[in-house]
Amino acid sequence: MTVRVRFAPSPTGMFHVGGARSALQNWIYAKQQGGVFVLRIEDTDAARNKPEWTEGILSALDWIGISRGSYEGPYFQSANAGEHRAAATRLYESGRAYYCDCTREDVQARTGSQYQGYDGYHRDLGLGPGPGHALRFRTPDEGSTVVVDLIRGEPTFENKLIEDFVIARGDGSPVFLLANVVDDMTMGITHVIRAEEHLPNTPKQQLLWDALGVKPPVWAHVPVVVNEKRQKLSKRRDKVALEAYRDEGYLAGAMRNYLMLLGWAPSGDREIVEWSVIEDEFRLEEVNPSPAFFDEKKLRAFNGEYIRALPVSEFIDACQPWLTGTGTIAPPPWQPEEYDADAFAAVAPLAQTRLAVLSEIVPNVDFLFLASPLIDEAAWTKTMKDGSADLLDAAIAAFEALQSWDAESLKSTLEAVGAERGLKLGKTQAPVRVAVTGRTVGLPLFESLEVLGRERTLTRMRAARLRLV
Ligand code: GLU
């Protein structure tokens with residue numbers, strides 16, 4: 001039997017990192033089993049779906065390595081509406097479902113308590129289809145439903161605790177629970193690997209599989225992803241959109257490596273590993289069922305390591321979207337004609353060791369491309385103290401006299417200027433750095449000045465000196 005898995009996102013918002021994790025787990029499982037990965041867009045909630053969310057899912061999957069054309073689909077759930085209705089009809093005709101026109105208030109009035117679920121009132125009243133008549137599944141009174149779950153063992157649900165749940169609304173439209181089952185059935189899905197949030201749906205869905213006469217799939221409910229307060233990651237509170245990480249300059253390789261560590265780890269205390277190691281070693285059965293902490297700090301550190309491991313030429317290429325502003329990435333503060341690829345290539349190796357995310361490249365190199373630096377006023381005030389004017393005067397004079405404009409000579413020259421004033425190099429550098437780059441931190445100063453060139457460096461130092469008058 002060929003293993004067939006599916007990833008079935010609903011296009012109702014930005015693509016969530018938890019969804020990306022489930023997609024990767026499905027992807028690897030299919031690959032390991034020589035199976036097929038199916039992508040199904042569950043777009044039946046017309047009020048909340050938007051086509052751009054679907055496009056966002058496809059492009060985010062592509063970015064993370066699940067590329068278009070390498071899977072089956074995308075299928076769209078809305079295209080199968082006929083099948084969903086046919087299944088509802090079959091369940092009704094075979095007596096496995098019945099119509100009901102009770103409102104919540106009706107049930108409450110009968111049971112005299114808070115609404116605790118449907119009381120089965122219409123089970124045997126023989127109500128036929130009609131406007132406002134919802135179709136409910138006739139849940140077995142006895143026995144239990146055992147879910148075979150690769151991660152959670154065999155969670156068992158007593159049938160008598162499962163209410164006769166709605167499978168088609170009063171307007172005849174089948175609900176998600178049924179549509180999802182019917183699609184899995186028609187697409188021949190053998191393994192449903194999805195988030196833990198769906199576990200409460202699973203006994204109901206399995207009852208539907210049984211009632212429709214098809215052997216249910218094997219399930220695997222992967223752990224919920226939580227923030228540092230152990231709260232489920234939410235789009236209102238946390239940064240959850242995969243696209244946001246991409247646009248901030250996380251590398252796809254770092255991101256997917258990190259996502260696979262949510263609830264699982266490769267052998268031998270390793271965390272950063274080649275993707276092929278993950279593809280070999282990952283075992284769905286080994287995924288820890290407890291909530292998985294999405295640690296953004298750790299992800300940043302991870303990403304920094306991935307950045308440092310790139311060959312410089314790839315690092316230069318990887319920075320281009322932030323240097324030019326493409327797609328959803330904001331343009332940098334300089335004009336396109338001010339950008340100088342050679343100057344960038346000269347400082348790229350210095351920048352590469354310092355970035356945690358690629359977007360940080362912009363504040364590190366903007367001084368090179370802008371006609372005058374963007375001065376951080378707080379940094380200016382903190383740095384330009386008594387003595388800065390005198391120091392800048394001396395540094396300007398010494399730099400003007402330099403024969404060779406190279407990092408080494410610049411360093412020894414400024415060091416000497418500082419020494420005459422009893423200052424260590426760090427203190428001597430600070431006003432020069434702020435004058436030239438506008439900031440207190442950045443790339444190594446003397447290499448920066450070498451690349452910036454004599455004229456531009458001196459012009460900026462003179463301008464800063466004038467401000468100090
Ligand atoms: N469309 C559902 C969701 O996005 C997925 C359901 C499933 O995987 O079975 O949560």
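The values are calculated or read from the model by the stated rules, or taken from the named source; none is laboratory data. Remember, it's a predicted structure, so these values are computed and weren't measured experimentally. Here the Cβ positions follow ideal geometry from the backbone for every residue, glycine too, while neighbour counts run over all protein chains shown. Note: accessible area is taken over every heavy atom of the protein model, side chains too, but ligands, DNA and RNA are not part of it. Shrake-Rupley method; radii C 1.70, N 1.55, O 1.52, S 1.80 Å.
Tabulated values for the structure
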{"item": "For the chain, the spread of Cα positions along each principal axis, largest first, Å", "result": "101, 47, 37"}
{"item": "Peptides ranked, highest mean first, by Cβ atoms within 10 Å: ranges 95-104, 267-276, 43-52", "result": "95-104, 43-52, 267-276"}
{"item": "Segment Thr353-Ala265, extension gain: residue separation times 0.36 nm, minus the distance between their alpha carbons", "result": "29.0 nm"}
{"item": "Potential lengthening between Glu415 and Lys239 on full extension [0.36 nm per residue; Cα-Cα distance subtracted]", "result": "58.9 nm"}
{"item": "Per residue solvent-accessible surface (Å²) - the stretch 341-469, probe of 1.4 Å", "result": "46 Å²"}
{"item": "The stretch 319-413 pair-distance distribution - Cα-Cα, 5 Å bins, rounded %", "result": "2, 11, 16, 17, 19, 17, 11, 5, 2, 0"}
{"item": "Local electrostatic count, Ala79, Cβ distance below 11 Å [Lys/Arg +1, Asp/Glu -1]", "result": "-2"}
{"item": "Packing rank of 204-211, 337-344, where each peptide gets the mean count of other beta carbons within 10 Å, highest leading", "result": "204-211, 337-344"}
{"item": "Simple spin-label estimate for Leu125 and Asp210 in nanometres, 7 Å along Cα-Cβ", "result": "2.7 nm"}
{"item": "Calculated [θ] (222 nm, deg cm²/dmol) that DSSP helices of n ≥ 4 give over the chain, each run adding -39,500 (n - 2.57)", "result": "-13500 deg cm²/dmol"}
{"item": "Å² per residue, accessible surface of the stretch 220-298 at 1.4 Å", "result": "47 Å²"}
{"item": "Ordering of 289-298, 16-25 by packing [mean C-beta count within 10 Å, highest first]", "result": "16-25, 289-298"}
{"item": "Greater than 28 Å apart at Cα, pairs in Lys31/Lys215; Lys298/Lys411; Lys235/Lys298; Lys50/Lys232", "result": "Lys298/Lys411"}
{"item": "Per residue accessible area of the stretch 62-168, 1.4 Å probe, in Å²", "result": "55 Å²"}
{"item": "Sulfur and carbon atoms: percent of accessible area, the stretch 1-148 [1.4 Å]", "result": "50 percent"}
{"item": "Listed residues Gln108, Tyr245, Gly442: farthest to the positive end of the dipole of the chain (Cβ charges)", "result": "Gln108"}
{"item": "Calculated FRET efficiency for the pair Glu377/Ala309, C-beta based, R₀ 30 Å, to 0.05", "result": "0.20"}
{"item": "Space enclosed by the convex hull of the alpha-carbon atoms of the stretch 32-108, per residue, Å³", "result": "194 Å³"}
{"item": "Fully extended contour minus Cα-Cα distance, from Thr186 to Val146, at 0.36 nm per residue", "result": "12.1 nm"}
{"item": "The stretch 235-294, dipole about Cα centre (Lys/Arg Cβ +1, Asp/Glu Cβ -1), debye to the nearest 20", "result": "460 debye"}
{"item": "log₁₀ of I(q)/I(0) at q = 0.31 Å⁻¹ - the stretch 1-49, Debye sum with one point per alpha carbon", "result": "-1.10"}
{"item": "Spacing of the two label points (7 Å from each Cα toward its C-beta) at Arg462 and Ser404, in nm", "result": "2.6 nm"}
